[in-house]
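Report on the following structure.
The values are calculated or read from the model by the stated rules, or taken from the named source; none is laboratory data. Remember, predicted model here, so these are calculated numbers, not experimental data. Here the Cβ is made from the backbone with ideal geometry for all residues, glycine too, and neighbour counts use every protein chain on show.
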Amino acid sequence: MPRLRLLHRPLHFLVALIALLLLGVAPTWATLQEAATEQVRVELLSAVDAVHPGEEILLGIRQRIIPQWHTYWINPGDSGIATRVVWKLPPGAKAGDIQWPVPSRFQSGPIVNFGYENEVTLLVPLRIPSGATIGSLFPVAAAVDWLVCREDCIPQQAELELALPITAPGTPRREYHPLIDTARVQLPVTSPWPIRAEAQAGGLSLQLSGNAFAAETIRDVRFYPAEWGRLAHAAAQSWQVDPRGIVLSLTPGEAPVNPGEPLRGVLVVSEGGGDADGEGPIRRGFLVDAELIGATATTSDVGLATALLLALLGGVVLNLMPCVFPVLSIKALSLLQHAQQTPREARLQGIAYTLGVLASFVLLASVLIVLKAGGSRIGWGFQFQSPLFVLAVAYLVFVVGLSLSGVFTAGLSVTGAGSALADRPGYAGSFFTGVLATVVATPCSAPFMAAAVGFALTQPAAALLGIFLSLGCGLALPYLLLSHWPELQRRLPRPGPWMEKTRQFLAFPMYGTTVWLLWVLAQQTGTRAIGIALGGMVVLAFAAWLYDSTRHGSTTVRRGGAGVAALAAALAVLGGLSGIDAGAPATTLRDRNWEAYGAARLAELRRSGQPVFLNFTAAWCISCLINERVALSDAAVADAFRDAGVTYLKGDWTNRDQEITAKLAEFGRSGVPLYVFFPPGGSAAPVVLPQILTPQIVLDAVRTPALIATHHP
């Protein structure tokens, strides 16, 4: 990797300056600050040839790129790295952000990138400290890193320095530099016409209002998003000119903009001559920072009042979902078994249950608000994305099922809430049953909920909290009505032996929920964790049985049984939690057909005479991504590797691994991709494959290496 350094120390610079002045030669400050690699010549430019204390000037990083190569914009697209500059400045000086010129689009197969070819100047504002000493030199040092790509990609760096005289305000000086002046013209500008971003079914649109554009003169219209993933880079962008102005249709990407969030980037309108790709003589770039309006079809017509009503209805319907109905039924049975309680006690039971539900929804909404503020994109049931949470709920629901089956008695007042509450008043049990109902409800989605929750997640904190409280009120409403309405209680069946059978029957939905949760856990962590989780459940069942078997004995027996049961339960939980990590990598390791590259591993395989396919790649490499998608992931190639006993080694150079750099140098390469096939036999010469692969090229290399012309001794 080229690393260049140009230093102009102040003393040497001053001597050279005096010599030039004595000879009557006007110095050209910017052109002395230059370095070059094989692909890129880079210069450090200044808009002025002297600086004044307290002012702001423009510096420029000029890149001249050889044909067919390019560097990258702030959003490089599907791969690549934007040019970066690290400044070393005198105390008090401050450099601003890079001002990016209008980019161009480069497509290679399915990979699309944004950047610059031929020549580009990146402008950076620089603030001179007000205390700068007049008559001295102002030194500026810049370490510039960039990635230059064609078929292969090469990271490069140059260190440049510049020193400018500090003069008093009003002193004559050159006030511009032609290259910087040209670069300023190439910057996108704020549009004099309104730009509107609007969500539509299956996509979104940008509308540039105004009648200053004629359809017959426009060759192309394209939007370049400033952030990765906002749009599908390779998707077509269709446009039309109508009386409203220009309307551009776009396709959302992997990290789409949500309604209410800003869509940022550059809208480029190409006018005049040129070809159909829009490379005309005039490319006008307009800055876009437009809040996306509209919403998806499920929420476009939803306001706050409507969302609150839908949330209430959705919460009521949620009680009929398989995950919630057993919990509600348990509370109804508990109410029947306490038929002797006063109406006031029944009402308080309902209020305690409701408070448990609402407290849980407040906690859930608070977590969502915090995550949203941190930039996360989350939704209903987000906590079930955590394997630890899924396992904890599976254990909880399983223990509730054991209690309903009669394995142990936790007290009717706290049905399913945990044996620790057995001796407390029944209100605590009702509160924690409300918590349980909320926990098991979150993976379910009822009618009316989608629109309400979708709207809530786009709203400020207060509205989100209100909608979630309305949802909680709906969930708690049936039991709250039952506990407050004596007439409704009288319509329930009379207590009798059937209640115990019903109670035992309700254990099976709990066991079914446990099975479902374990299936979710298997998708998240692999099958190994499931065995450990099931073993933990066996231990939990033993702990529950032991607790119930000893709780009517002597004090010593009760304490001993409770202690052993608690220890067994703790061991079950800890064992299950350890299984999460143990199972996590199972799917990934099973599905991939390659090993991570290591020099020692390659040497070992070569000594044993085994065939090896070596792939040096990087996340930012265009050709690498295409080759892996088109050729190396092909089923016929994978079968050929397996049939021939080829070990596939992949080296990731994304972070400039020195071991990989050394191996690249052995093959005369300074960048990736590099593909090498080592045929069977320790003395066989390695075969270097082309940088653009097809499945047939790889197959030919594996089956008949002589067909591939490029060898390396």
Inset, instruction - Count, please, the residues in the range 177-188 that happen to be surrounded by 12 or more Cβ atoms within 10 Å (Cβ to Cβ) and either of a type in the set (A, V, I, L, M) or at pLDDT below 90 (or both). - result: 5
Legend entry - Extreme residue, surrounded by the fewest Cβ atoms within 10 Å (Cβ to Cβ), among residues of the range 671-693 that are assigned to a loop (DSSP other than H, G, I, E, B) and in contact with a helix residue (DSSP H, G or I) (Cβ under 7 Å, 6 or more places away or on another chain): G682
Inset, instruction - Give just the number: which of (1) over 30 Å from R629 (Cα atoms); (2) surrounded by 15 or more Cβ atoms within 10 Å (Cβ to Cβ) does Y116 not satisfy? - result: (1)
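The rows are residues; the columns are (1) modelled with pLDDT of 70 or more; (2) on the phi > 0 side of the Ramachandran plot; (3) in the same structural domain as T502 (by TED's automatic domain parsing); (4) part of a helix (DSSP H, G or I).
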{"residue": "R283", "(1), (2), (3), (4)": "yes, no, no, no"}
{"residue": "D289", "(1), (2), (3), (4)": "yes, no, no, no"}
{"residue": "L310", "(1), (2), (3), (4)": "yes, no, yes, yes"}
{"residue": "V317", "(1), (2), (3), (4)": "yes, no, yes, yes"}
{"residue": "I330", "(1), (2), (3), (4)": "no, no, yes, yes"}
{"residue": "L336", "(1), (2), (3), (4)": "no, no, yes, yes"}
{"residue": "Q340", "(1), (2), (3), (4)": "no, no, yes, no"}
{"residue": "R344", "(1), (2), (3), (4)": "yes, no, yes, yes"}
Legend entry - Criterion: in the same structural domain as Q33 (by TED's automatic domain parsing) and more than 20 Å from P101 (Cα to Cα) - qualifying residue of E175, E261: E175
Legend entry - Residue identified as outside any helix (DSSP H, G or I) and either at pLDDT below 55 or hydroxyl-bearing (S, T, Y) (or both) among G379, G375: G379
Legend entry - Complete set of residues in the range 229-255 that are touching a residue at least 40 places away in the same chain (Cβ under 8 Å) and not in a strand (DSSP E or B): H233, A234, T251, A255
Legend entry - Leading residue by the ranking (modelled with the highest pLDDT) among those in the range 94-152 that are among the basic types (K, R) and more than 22 Å from D49 (Cβ to Cβ): R105
Inset, instruction - Please identify the pairs in which a residue from the range 27-39 that is among the acidic types (D, E) has its Cβ atom under 8 Å from the Cβ atom of a residue that is surrounded by 14 or more Cβ atoms within 10 Å (Cβ to Cβ) and at pLDDT below 50, counting only partners at least 6 apart or on another chain. - result: E34/L6; E38/P2
Inset, instruction - Can you confirm whether the range 641-649 contains a residue that is at positive phi, surrounded by fewer than 17 Cβ atoms within 10 Å (Cβ to Cβ) and at pLDDT 85 or above? - result: yes
Inset, instruction - Take the range 393-407 and flag every residue that is closer than 10 Å to A544 by Cβ and out of contact with any Ser or Thr (no Cβ under 8 Å at 6 or more places or on another chain). - result: V399, L402, S405, V407
Legend entry - Residue check, T433 more than 34 Å from the chain's Cα centre (by Cα), among the β-branched types (V, I, T) and at pLDDT below 80: yes
Legend entry - Answer residue from the range 546-559, given it is surrounded by fewer than 16 Cβ atoms within 10 Å (Cβ to Cβ) and assigned to a helix (DSSP H, G or I) and is modelled with the lowest pLDDT among those: V557
Inset, instruction - Please give the strands (runs of 3 or more DSSP E) falling wholly within the range 132-228 in which 1 or more residues are free of Cβ contacts under 8 Å to residues at least 60 places away in the same chain, among the hydrophobic types (A, V, I, L, M, F, W, C) and touching a Gly at 6+ places or on another chain (Cβ under 9 Å). - result: 218-225
Legend entry - Matching residues in the range 349-364 - criterion: being modelled with pLDDT under 85 and either of a type in the set (A, V, I, L, M) or part of a loop (DSSP other than H, G, I, E, B) (or both): L364
Inset, instruction - State whether the residues of the range 120-128 include one that is more than 24 Å from V86 (Cα to Cα) and within 29 Å of the chain's Cα centre (by Cα). - result: no
Legend entry - Residue tally, condition at pLDDT below 70 and either under 40 Å from the mean Cα position of the chain (by Cα) or assigned to a helix (DSSP H, G or I) (or both), over the range 694-709: 3
Legend entry - Scope the range 51-68; condition hydrophobic (A, V, I, L, M, F, W, C) and either within 27 Å of A163 (Cα to Cα) or modelled with pLDDT under 95 (or both); matching residues: V51, I57, L58, L59, I61, I65
Legend entry - Where A232 falls short, out of the listed (1) within 26 Å of the chain's Cα centre (by Cα); (2) at negative phi; (3) modelled with pLDDT of 90 or more: (3)
